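Reading through the structure tokens given below for one structure.
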Amino acid sequence: MDYKGKKAAFYTLGCKLNFSETSTIAGGFQEVGFDRVDFKEKADVYVINTCSVTNQGDKESRNIIRRAIKKNPDAMVIVVGCYAQLKPEEIGHIEGVDLVLGTQEKFHVPAYLGNLKKKEKTEIQTTRLANIKSYHKAFSWGDRTRSFLKIQDGCDYYCSFCTIPYARGRSRNDTIENTVREAQKSVAKGFNEIILTGINIGDFGKSSGENFLDLLKALEKVEGLERLRLGSIEPNLLKDEIIELVAQSNIIMPHFHIPLQAGSDEVLSLMKRKYSTELFARRIHKIRKIVPHAFIGVDVISGTNGETEELFQESYDFINGLEISQLHAFTYSERSGTQALKIPWVVEVEDRKRRTQMYINLSEKKLRAFYEKHLDSEQTVLFESQKNGENMSGFTENYIKVETAYHDEFVNKLKKVKLKSILPNGHVAVEITK
């Protein structure tokens, strides 16, 4: 069916993988004639790509769904993503939702559109977890100088606090050959930097008999690609060979995002994580030894079931002693169906929030120290335009966010700069040197 002249709007919640998948879904709409418009505008179809990592993610998803319905009560409202796979019936009870599509179905949204008429009853189309086996490629484009390239989906880890394996299925990926082809398309569209994304990218190769290290080596050779950045990678999968490749590469950026989740071996065991604090510390020390200027971001969760005050303090002290650049701190949220609910010690919500704030404060201190350490150094920045047109910002190789006066000719260009001072907004002021 031809939908020429019809308007579709999209909203994405959650991770970078969701953003890349939304772009691919939106591309499918454009292929059948839709014009993509901003979510704030009146559209004929609204697609909300949801997140369900926390209760807050569920709540935010519901708020966005209701916002779309209020914007245009006659529009077709479609909900996809992890929340849609995990709790389709819950979404179906929101009056005004027409279609709920699960993990496999979301990549074929146009096939469900019909005549775009509102439905009397929400239509739900999902696939049972055991049958979620297909892999769908995705990368984001159109509104950034950087592209998020999906290389992997699903997870086999089943950590006790996490619902992602139940929402996305088993770990799976495309071949190196096909992934390289997608990277080449991204470069052809004008992107200078690609960020690799997935649920567990270090697991790449499990379904194709290949491995992540060989993928990186192949992507390094993509003609025209100037920057390649790793997404989040599990510490047990961040092998020494990968760190060594980053150290000698001119393409792979010195930037690591490593989920820790807890700095206590007892809590890691309760979480069913696949590494110890000793292994994690070894990874950090290896990076600092051979890539000393690297940015290291670390995920941590506060207040999981079983985390006593003493164990939290142990975790805090361990993280404080690591030479990392930033913490991404999350407050534990109970998720139905997870093994963590069986752990007897439950942390009060206020204590969870207090601990999270302590991690946030620690993160701000570490980030500032990392930035200050690099003041007066020369770096290369990929500049992006700001909407107000007054300033432009971008990231150095090692992920320091910088800002300077807007110059149209520098947007989406790599420029040599000197880092001058830390601004009130936390960015770094720079002087363009070349």
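The values are calculated or read from the model by the stated rules, or taken from the named source; none is laboratory data. No experiment lies behind these values; they were computed from the predicted model shown. Cβ sites come from the backbone with ideal geometry, for glycine too, and all protein chains shown count toward neighbours. Keep in mind that these areas ignore ligands, DNA and RNA; they rest on the heavy atoms of the full protein, side chains included. Shrake-Rupley method; radii C 1.70, N 1.55, O 1.52, S 1.80 Å.
Taking amide H atoms as placed 1.01 Å from N in the peptide plane, list the residues 5 or more away in sequence, or in a different chain, whose amide H sits under 5 Å from that of Ile296. Here the answer is Phe256, Ser325, Gln326, since their amide H atoms fall under 5 Å of that of Ile296.
Sparsely packed loop sites in region 329-361 (the chymotrypsin sites (Phe, Trp or Tyr not before Pro) outside DSSP H, G, I, E and B with at most 11 other Cβ atoms within 10 Å) comprise Trp345. Using all pairs of distinct alpha-carbon atoms, the Kirkwood hydrodynamic radius of the chain works out to 23.0 angstrom.
Dipole magnitude for region 113-223: computed about the Cα centre from +1 point charges on Lys and Arg Cβ and -1 point charges on Asp and Glu Cβ, it is near 560 debye.
Order of 236-247, 391-402 by packing, highest average Cβ count within 10 Å first? The partial results should precede the final answer.
Working: 236-247: 16.5, 391-402: 20.7.
Going by the mean number of other Cβ atoms within 10 Å, highest first, we get 391-402, 236-247.
Note on Asp74 and Gln313: the extension gain reaches 80.8 nm, defined as 0.36 nm multiplied by sequence separation minus the Cα-Cα distance. Solvent exposure of the chain amounts to 44 Å² per residue of accessible area, where only protein heavy atoms count and the probe is 1.4 Å.
Could you work out the helix-only [θ] at 222 nm for the chain, with each DSSP H run of four or more residues adding -39,500 (n - 2.57) and the total divided by the number of residues, to the nearest 500 deg cm²/dmol? About -9500 deg cm²/dmol. Using C-alpha pairs below 8 Å separated by at least 6 residues, the relative contact order for the chain is 10 percent. Under 20 Å from a point 7 Å along the Cα-to-Cβ line of Lys40: which residues of region 2-26 have their amide N that close? Inside the label zone: 7-14. Distance from the Cα centroid of region 42-96 to that of region 384-434 is 36 Å (rounded to whole angstrom). Modelled label positions at Ser421 and Tyr112, each set 7 Å beyond Cα in the direction of Cβ, lie 5.4 nm from each other.
Of the trypsin sites (Lys or Arg not before Pro) found in region 84-122, those that fall in a DSSP loop while having at most 13 other beta-carbon atoms within 10 Å are Lys117, Lys118, Lys119, Lys121.
Ordered from highest to lowest accessible area with the whole protein assembly present and a 1.4 Å probe, His93, His374, His293, His285 read as His93, His285, His293, His374.
Just the protein heavy atoms count here, and of the accessible area of region 1-107 at 1.4 Å, carbon and sulfur take up 46 percent.
Non-local lysine pairs in region 98-153, meaning eight or more places apart or on different chains, with alpha-carbon distances under 28 Å, amount to 9. With a cut-off of 20 Å on the backbone N, the residues of region 26-41 near the modelled label site 7 Å out from Ala188 along Cα-Cβ are 26-32. With a Förster radius of 41 Å applied to the beta-carbon distance between Asn63 and Lys434, the computed FRET efficiency rounds to 0.35.
Sequence-distant or interchain residues sharing an amide H contact under 5 Å with Gly81, placed H: which? Sorted by chain and number, the residues that satisfy this are Thr50. Estimated at 0.36 nm per residue, the fully extended path between Asp2 and Arg282 surpasses their Cα-Cα distance by 95.1 nm. Annotation for region 334-373: GluC sites (Glu not before Pro) lying in DSSP loop with at most 11 further Cβ atoms inside 10 Å of their Cβ are Glu348.
Applying 0.36 nm per residue to the separation of Glu409 and Glu123 and subtracting their alpha-carbon distance, the gain on full extension is 98.1 nm. Computed from label points 7 Å out along Cα-Cβ, the spacing between Asn55 and His293 is 4.6 nm. Using the Cβ-Cβ distance between Arg170 and Gln339 with R0 = 25 Å, the FRET efficiency computed as 1/(1 + (r/R0)^6) comes to roughly 0.90. Straight-line cross-link partners of Lys413 among the lysines, defined as a Cα under 18 Å from its Cα and at least 8 positions apart when in the same chain: Lys189, Lys387, Lys401, Lys434. Rounded to whole numbers, the Karplus 3J(HN,Hα) couplings from phi for region 325-342 are 9, 7, 10, 10, 9, 10, 8, 4, 10, 4, 10, 4, x, 8, 5, 4, 5, 8 Hz, using 6.51 cos²θ - 1.76 cosθ + 1.60 with θ = phi - 60°, and x at Gly and Pro.
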